[in-house]
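Notes to accompany the following structure.
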Amino acid sequence: MADDSRTPEQRLKDLGIELPPAPGVAGDYLPWIITGNLLMTSGQLPWINGELKFKGKIGAELNLDQGYQAFRLSALNAIAQLRSALGTLDRVKQIVRLEGTFGCAPGFMEHPKVLNGASHIVNEVFGPRGKHTRMVQANNEMALDCATLVVLIAEIAA
């Protein structure tokens with residue numbers, strides 16, 4: 001399939017997506033680290049230009065679609081961290097794992113659907129290299145009242 005041969009950088013261009021600058025950290029930690037052939041990001045929030053675009057709990061202040069969009073934005077920030085670490089996304093051999101955490105209102109049960117916001121954009125950008133394992137966690141409180149947080153673990157080429 002022709003689509004499968006496109007690089008992540010080509011896919012971004014074809015999707016019309018310009019990644020945001022990789023966000024800075026909010027504490028005493030690194031935004032990413034490479035060990036061996038793995039690149040791991042710290043948790044990425046739904047930042048745009050230094051401001052949280054999505055705040056509050058999904059299922060209360062935010063609906064399912066807003067949760068999906070918040071996870072998508074958090075994932076785009078995580079992808080920006082990958083590019084910051086590697087210089088180009090084309091060095092990513094495989095997205096191994098996507099981990100998502102979100103602020104959840106009591107009774108909200110659509111965890112897989114909101115995390116699809118992150119999974120879908122990762123799969124769109126990386127194609128076959130984007131197929132990943134994942135984990136979702138719901139918290140009753142989130143740092144900075146952010147709605148979502150995404151961590152990516154990627155296998156990388158030397």
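The values are calculated or read from the model by the stated rules, or taken from the named source; none is laboratory data. These numbers come from a predicted model, not from an experiment. Cβ sites come from the backbone with ideal geometry, for glycine too, and all protein chains shown count toward neighbours. With ligands, DNA and RNA removed, areas are computed over all heavy atoms of the protein, side chains included. Shrake-Rupley method; radii C 1.70, N 1.55, O 1.52, S 1.80 Å.
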Task: Cα-based Rg and Dmax for the chain, where Dmax is the largest Cα-Cα distance (Å) - done: 14.9, 45
Task: Under 17 Å from LYS131, Cα to Cα: aspartates and glutamates that are on another chain or at least 8 residues apart - done: ASP3, ASP4, GLU9, ASP90, GLU99, GLU155
TODO: Using the charge dipole of the chain (Lys, Arg: +1 at Cβ; Asp, Glu: -1 at Cβ; taken about the Cα centre), state which of ASN49, ILE95, VAL150 has its Cα farthest towards the positive end.
DONE: ILE95
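Mind ordering 45-51, 30-36 by average Cβ neighbours within 10 Å, highest first?
On the way: 45-51: 15.7, 30-36: 12.4.
Output ranking for 45-51, 30-36: 45-51, 30-36.
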Task: Accessible surface of the chain [probe 1.4 Å, protein heavy atoms]: carbon and sulfur percent - done: 52
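Over the chain, average the accessible area per residue using a 1.4 Å probe and give it in Å², no decimals. Intermediate values should be presented prior to the final figure.
Working: 7840 Å² over 158 residues.
With the other protein chains kept in place, the chain gives 50 Å² per residue.
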Task: Spin-label zone in segment 137-158 - amide nitrogen under 12 Å from a point set 7 Å from the Cα of HIS111 along the C-beta vector - done: 137-140
Task: About the Cα centre, charge dipole magnitude for the chain (Lys/Arg +1, Asp/Glu -1 at Cβ), debye - done: 280
- [ ] Give the percent of DSSP beta bridges with both residues in segment 4-156 that are antiparallel, rounded to the nearest 5.
- [x] 70
TODO: Using packing as a proxy for protection, rank 145-158, 84-97 so that the peptide with the highest average count of other Cβ atoms within 10 Å comes first.
DONE: 145-158, 84-97
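Take every Cα pair under 8 Å in the chain that's 6+ residues apart, average their separations, divide by the length, and report that relative contact order as a whole percent. Numbers along the way, then the final one.
Values: 319 pairs, mean separation 54.6, N = 158.
Result for the chain is 35 percent.
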